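Taking it in order: structure first as structure tokens, then the write-up.
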Amino acid sequence: MRHHLPRSVVVLGGAALAALLSISSCSTEQPAAPTTCCDQPKIPAGIPAFTVIRDEVSGPTDGQDVKIHVALKQKTKRDDIYPALQFLYRYAMTRGTFEPTTFLGAFYNTEGDAQTGGNPVAKIWREHGDKGPKCENAIRLEFPEEVQKSFAYSLNRAEPEDLEDTCRLNEKKKTVHVDDKFTHKPTMQTDEAHKAVEVTYPYLESGKDEYVKSLTFNSAMTYWAEFLTAMFSKAPELQQVTYTGVLDDQPVLKITTTRQEFDQHLSNVQETIASYAAITFAKLGLHKTDDKGAMKDQEQQKTKTYKAALSFLPKERVMISPKLTMAAPGGKSGKAGKAGKGK
């Protein structure tokens, strides 16, 4: 005699089996991605986007301490971070009825860094009693930005840092330069792959858009030495500089120098010349020479120093035009081609 289970039992068994299968299936699924912890401000166009990872608030409503940790959504250049810093500050100051008593906004490259609280790439903060925020920016300049700022510095066009406005809240005043409309201007080409630059520098009359009537070897080399020092000292990634001095639209000086050569042999050229100038000045004070003799002595020392500097460079990377003159013993003019190197 066959025995049949009640229909209700069979149905129950099927439901139980389905539940078991469902549980088994769920166990193999990936956990859902973590959701953002906090309110996300609507970031206007033109400001680097970020995600709020931690929004820490403590204290009473009218005296809160606020710390907001955010992760940037894209690679951000050093100068571009300031609008994001300013936006986060305004957001934190205006989102409640009362401004926070203290505030810290920290920016990180990744959500993981923002979650663990590592070293931020930039931050903005205001302590209790401060009239406004302060900022720190640890984002490194990219190579083209780095050498462009160094180039501006070498031409005395660098914008000075305002230590009272580290967050760049104040509108910058446009600086007008006397040579803004000149036809002849210094130019620079950047080779990012080789971390190198090529600079062309026209030798002009002071304040005029015209070439100097004559140019000495020492004068041409002084510009080269000053420029080389400024570029290598202000651009840590820079590995090579090619400097071309131009007179009457023709190259009269072209020198290529690597960082290693500069560090080992050329970094003290200006210091050597300045030291000798101090000795000459002391001789004048002791009446051991007159102005004419001191000038002659100093110019000859400059020529000797520059020639020694060039001797450390391969001949094929140095071109000195014979059009350049230099002081020679006896006060006569000699040709720069006699400096030992030229094409």
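Structure summary
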quantity: Qualifying residue in the stretch 257-268 (condition: under 19 Å from Pro186 (Cα atoms) and at pLDDT 95 or above); calculated: yes
quantity: Residue that is at pLDDT 95 or above, of a type in the set (A, V, I, L, M, F, W, C), in contact with a strand residue (DSSP E or B) (Cβ under 9 Å, 6 or more places away or on another chain) and over 30 Å from Lys304 (Cβ atoms), where the choices are Ala193, Ala122; calculated: Ala122
quantity: Any pair with Cβ under 7 angstrom, 6 or more apart, that starts in the stretch 77-90 at a residue that is polar (S, T, N, Q) and ends at one that is outside any helix (DSSP H, G or I) and modelled with pLDDT of 95 or more; calculated: Gln86/Cys167
quantity: Residue in the stretch 27-39 that is in a helix (DSSP H, G or I), modelled with pLDDT under 95 and open to solvent by 40 Å² or more (accessible area, probe 1.4 Å) present; calculated: yes
quantity: Subset of the stretch 256-272 that is assigned to a helix (DSSP H, G or I) and farther than 19 Å from His194 by Cβ - its residue that is farthest from the chain's Cα centre (by Cα); calculated: Thr272
quantity: Number of the condition not met by Val199 [criteria: (1) open to solvent by 80 Å² or more (accessible area, probe 1.4 Å); (2) in contact (Cβ under 8 Å) with a residue 12 or more places away in the chain; (3) of a type outside the set (S, T, N, Q)]; calculated: (1)
quantity: Identity of the residue in the stretch 199-252, farther than 19 Å from Val318 by Cβ and part of a helix (DSSP H, G or I), that ends up nearest to the chain's Cα centre (by Cα); calculated: Lys234
quantity: Those residues of the stretch 182-198 which are within 18 Å of Pro251 (Cα to Cα), touching a Leu at 6+ places or on another chain (Cβ under 8 Å) and not in a strand (DSSP E or B), in sequence order; calculated: His184, Pro186
quantity: Residue check, Asn156 at positive phi and open to solvent by 40 Å² or more (accessible area, probe 1.4 Å); calculated: yes
quantity: Some residue of the stretch 240-248 being within 19 Å of Lys185 (Cα to Cα) and open to solvent by 40 Å² or more (accessible area, probe 1.4 Å); calculated: yes
quantity: Residues located in the stretch 53-66, provided they are out of contact with any Pro (no Cβ under 7 Å at 6 or more places or on another chain), within 10 Å of Pro100 (Cα to Cα) and either open to solvent by less than 70 Å² (accessible area, probe 1.4 Å) or in a strand (DSSP E or B) (or both); calculated: Val57, Ser58, Gly59, Gly63
quantity: Elements of type strands (runs of 3 or more DSSP E) contained in the stretch 78-153, each with 1 or more residues being under 16 Å from Val57 (Cα atoms) and open to solvent by less than 50 Å² (accessible area, probe 1.4 Å); calculated: 102-108, 122-126
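The values are calculated or read from the model by the stated rules, or taken from the named source; none is laboratory data. Everything numeric in this text was worked out from a predicted model, so none of it was measured. A quick note on method: Cβ atoms are made from the backbone with ideal geometry, for glycine too, and the neighbour counts reach across all protein chains shown. The area values use the complete protein model at the heavy-atom level, side chains included, leaving out ligands, DNA and RNA. Shrake-Rupley method; radii C 1.70, N 1.55, O 1.52, S 1.80 Å.
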